Amino acid sequence: MAVFVVGLTGGIGSGKTTVASMLATRGAHIIDCDGLGRLVAEPHGRAYGAIVAHFGHGIVGADGRLDRPALAGIVFSDPDALGALNAMTHPAIDAEILERLRTLPDDSIVVLDMAVLTESQLGAGIYQYVVVVEADPVGRIDRIIRRGLTEADARARMASQATDDQRRTIADLIVPNTGALDELERAVDIAWIAIRRAATPAAPAPD
């Protein structure tokens, strides 16, 4: 079979990254799209020049790298500025994804770990199957707080993302993360079977 690409998403605190790690242990190749977003904005990255040209040298630190808090202060208070930033970074991220896909064997199952899959066109036309990780809001808030954020910040970040209903509209498969870690392992086992089945071409019907 050719490379089969899965888009994996879920709201902040849902356990998406944990699910990605579990899929990796089962044989999936993981591409961290958030990491690629940071890569393309580095001084050597595909989107750096366009970002600086658009937003000005006021967002560049003394070391030549982007001052991410300064840039965040601009884009997260201005939807048009965020849209402009995404228009520069998302094609660059897609190019990085395609570059990595070209290095993999044809029978690979690849998972794009992507926080904004529902909210954006990032990866559109690249992934063929969508897995959504869901967790109850209380559990999500607890996980986010353990990362060092306040409850108010946790709720604000959740509110800024797509809703569970919006994610379900694009999901081929939902992985529930509502219990203990061993329950999530079993849910990922079931998901991996479904992914492998989806990745396997159907045999041609007999004449």
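The values are calculated or read from the model by the stated rules, or taken from the named source; none is laboratory data. If you're wondering where the values come from, they're calculated on a predicted model, not measured in any experiment. Positions of Cβ are generated from backbone atoms using ideal geometry, with glycine treated the same way; all protein chains shown enter the neighbour counts.
Quick grid of which residues meet (1) at pLDDT below 95; (2) touching an Asp or Glu at 6+ places or on another chain (Cβ under 7 Å); (3) of a type in the set (S, T, Y); (4) not in a loop (DSSP other than H, G, I, E, B):
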residue	(1), (2), (3), (4)
L8	no, yes, no, yes
G13	yes, no, no, no
T17	yes, yes, yes, yes
A20	no, yes, no, yes
A24	no, no, no, yes
G27	no, no, no, no
L36	no, yes, no, yes
E42	no, no, no, no
A53	no, no, no, yes
Practice item. Considering only region 170-180, state which residues are surrounded by fewer than 18 Cβ atoms within 10 Å (Cβ to Cβ) and touching a residue at least 40 places away in the same chain (Cβ under 8 Å). Key: I170, D172, L173, I174, P176, T178
Check your understanding: Which ones in region 99-116 are closer than 19 Å to W192 by Cβ and under 14 Å from the mean Cα position of the chain (by Cα)?
Key -> V110, V111, L112, D113, M114
Point to revise | Scope region 70-86; condition out of contact with any Ser or Thr (no Cβ under 8 Å at 6 or more places or on another chain), part of a helix (DSSP H, G or I) and either closer than 23 Å to L117 by Cα or at pLDDT 95 or above (or both); matching residues | key: L71, A72, G73, I74, V75, P79, D80, A81, L82, G83, A84, L85
Review point. Can you name the residue in region 148-168 that is in a loop (DSSP other than H, G, I, E, B) and surrounded by 11 or more Cβ atoms within 10 Å (Cβ to Cβ) and is also modelled with the highest pLDDT among such residues?
Key: T163
Exercise for review: Assess whether R46 counts as being modelled with pLDDT of 95 or more and not hydrophobic (A, V, I, L, M, F, W, C).
Suggested key: yes
